[in-house]
Amino acid sequence: MIDACICTIGDEILIGQVVDTNSSHLALALEEAGIHVKRMISLGDDKTEIATILSRELSQNALVISTGGLGPTKDDITKAVLGEISGAKGMVTHPGQLEMVHKILRNRGLDALPSNLAQAEVPDTAEVIVNQLGTAPIMVFRNVQGGGTLYALPGVPHEAVGAIPAVMDDICSHQPLDSIRHRNIMVYGIAESALSEKIAPWEDALPADMHLAYLPNPLTGIRLRLSIYGGNAQEQEARMEAQLEQLKALLGPLVYAPKDSDLETTVGELLKAAGKTLSAAESCTGGEIAHLITSVPGSSAYFLGSVTSYAVSVKEKVLGVSPDIIREKGVVSSEVAAAMAEGVRRVTGSDYAVSTTGLAGPAGDEFNPVGTVWIGVAGPKGTRTVRYCYKNDRKRNIERFAASALNFLRLTLQEEL
């Protein structure tokens, strides 16, 4: 298997001013291609360190991919360092990238300054993949110092991510890659540790050439990724499918998608297939559920709208929640969650409605600890509620509340539709 190293360059990363997301996108693309990422390294804007680390990694890996340090300002020193370690004799202007620089500046209504035009200059040892999203070129240095191949990408996240398809095409055309296949199933409603124990006999019996990874996320649950390297594609796919069928039978309704997906997409697919509509009434989630649902393309076909009833007065006056219920049962209660779901369903005329009322933090009340949420789902067959309590910070609690509401809705739809 081919080894690779990912290097992010820039003081802004080391001081925490910018979060490095480029490495995760690159690592995922490399892994999908069957390339093993041995290391991820973050470097500051120091010529000696950049040269030393990149040279070392090129001697130990077939591939090194760097991002950052290619801009038009004085702190962008990576290009010069790359020229030095690759043995360049000078700089040359790449006509394709120069044309792109002029085009981008024109579209932005900006003058072409010398510093902008200099972005199209590259060491004469570099091959160039024209950056279609920015002025800094994507450079390729092959057999650097008798070692591996270096790909230098811009650090701007949308440019770096946008460059990945072209970079992967180039890698695949120059490297003998092992085939690799991944299959995902999405699980919600069980802790990672409990899931591991539940499927331990199945996982222990996996063939030696198959590997299972647990990828948890508060909004999507746990992605279980089954991977296999090498072999005949059709035969290996059939073997993986047989294993996953056993796993899905073992987990039952905990599985919400047999592919890489999320809860809001799954809910949308269920509603759309049945020709049903949805609305939401949110208190503690503050619109997070509506945001997730409407982030799915085509959600206008089934989502009618939402009410963020944060204040008690909005619960009473807009959703029609009885003041007596609130006084007797409390705002965070099964009865209020049910009344909110029924109220927004009545107001919007939707087939189904989901609601949340809870305490995200920083404090709870005399009846409910912080992290408590009541979720309601109202539909043609009645109303049901469920209570959860999570012990996280406010932001994470809101995410867990919204995801749990979507999952409770998903289970209801699967049962009733």
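For Asn61, the amide hydrogen comes within under 5 Å of the amide hydrogens of Gly148, counting only partners 5 or more places away or on other chains and with H modelled in the peptide plane.
Taking a Cβ cut-off of under 15 Å around Gly298, the surrounding Lys, Arg, Asp and Glu residues balance to a net charge of -1, with basic ones at +1 and acidic ones at -1.
In this structure the amide hydrogen of Ile180, modeled in the peptide plane, comes within under 5 Å of the amide hydrogens of Gly230, none closer than 5 places in sequence on its chain.
Calculated translational diffusion coefficient of the stretch 166-311 (37 °C, 0.692 mPa s; Stokes-Einstein with Kirkwood radius over alpha-carbon pairs) equals 183 µm²/s.
Distant-in-sequence amide contacts of Leu219, defined by a placed amide H-H separation under 5 Å and a gap of 5 or more residues or a different chain, comprise nothing. Residues in the stretch 295-305 carry Karplus couplings, in order, of 6, 8, x, x, 5, 5, 6, 9, 9, 8, x Hz; the curve used is 6.51 cos²θ - 1.76 cosθ + 1.60 with θ = phi - 60°, and Gly or Pro positions show x.
Legend: calculated FRET efficiency, Glu197 to Asn392, from the Cβ-Cβ distance at R0 = 25 Å, rounded to 0.05, equals 0.65.
Listed values for the stretch 368-376 are Karplus-derived 3J(HN,Hα) couplings in whole Hz (6.51 cos²θ - 1.76 cosθ + 1.60, θ = phi - 60°), namely 10, x, 4, x, 7, 9, 9, 10, x, and x replaces Gly and Pro. Per the Debye calculation on the stretch 311-367 with a single equal scatterer at every Cα and no solvent contribution, log₁₀ I(q)/I(0) for q = 0.19, 0.21, 0.22 Å⁻¹ amounts to -0.65, -0.77, -0.83. The 3J(HN,Hα) values that the Karplus relation (6.51, -1.76, 1.60; θ = phi - 60°) gives for the stretch 382-387 are, in residue order, x, 10, 10, 9, 8, 10 Hz. Gly and Pro appear as x. Grouping the Cα pair distances of the stretch 1-133 into 10 Å bins from zero gives a pair-distance distribution of 11, 36, 38, 14, 1 percent in increasing distance order. Over the chain, DSSP H runs of length four or greater, each weighted -39,500 (n - 2.57), average out per residue to a 222 nm ellipticity of -12500 deg cm²/dmol. Just so you know, the Cα atoms of the stretch 4-80 work out to an Rg and Dmax of 12.4, 37 Å.
With +1 assigned to the C-beta of every Lys and Arg and -1 to the C-beta of every Asp and Glu, and no other charges, what is the dipole magnitude of the chain about the Cα centre in debye, to the nearest 20?
1040
Calculate the dipole size of the stretch 263-416 relative to its Cα centre from +1 charges on Lys and Arg beta carbons and -1 charges on Asp and Glu beta carbons; express the result in debye to the nearest 20.
About 100 debye.
Its residues counted as N, the chain yields a C-alpha radius of gyration over 2.2 N^0.38 Å of 1.22. With Cα atoms as the point set, the stretch 263-416 shows a radius of gyration and Dmax of 14.2, 43 Å.
Of the listed peptides 277-283, 119-125, 35-41, 14-20, what is their order by residue-averaged count of other C-beta atoms within 10 Å, with the highest listed first?
Sorting 277-283, 119-125, 35-41, 14-20 by mean packing, highest first, produces 277-283, 119-125, 35-41, 14-20.
GNM on the chain, alpha-carbon springs under 10 angstrom: the most fluctuating residue among Asn184, Asn107, Asn217 is Asn107.
Over the stretch 1-45, the Kirkwood radius and the radius of gyration, each from Cα atoms, give a ratio Rg/Rh of 1.04.
Only one residue of Ser227, Val307, Leu150 has its Cα farthest out toward the positive end of the dipole of the chain, where Lys and Arg carry +1 and Asp and Glu -1 on Cβ, and that residue is Val307.
Bear in mind that the values in this text are calculations on the coordinates, not laboratory data. Source: prediction; values computed, not measured. Positions of Cβ are backbone-derived with ideal geometry, glycine not excepted, and every protein chain shown enters the neighbour counts.
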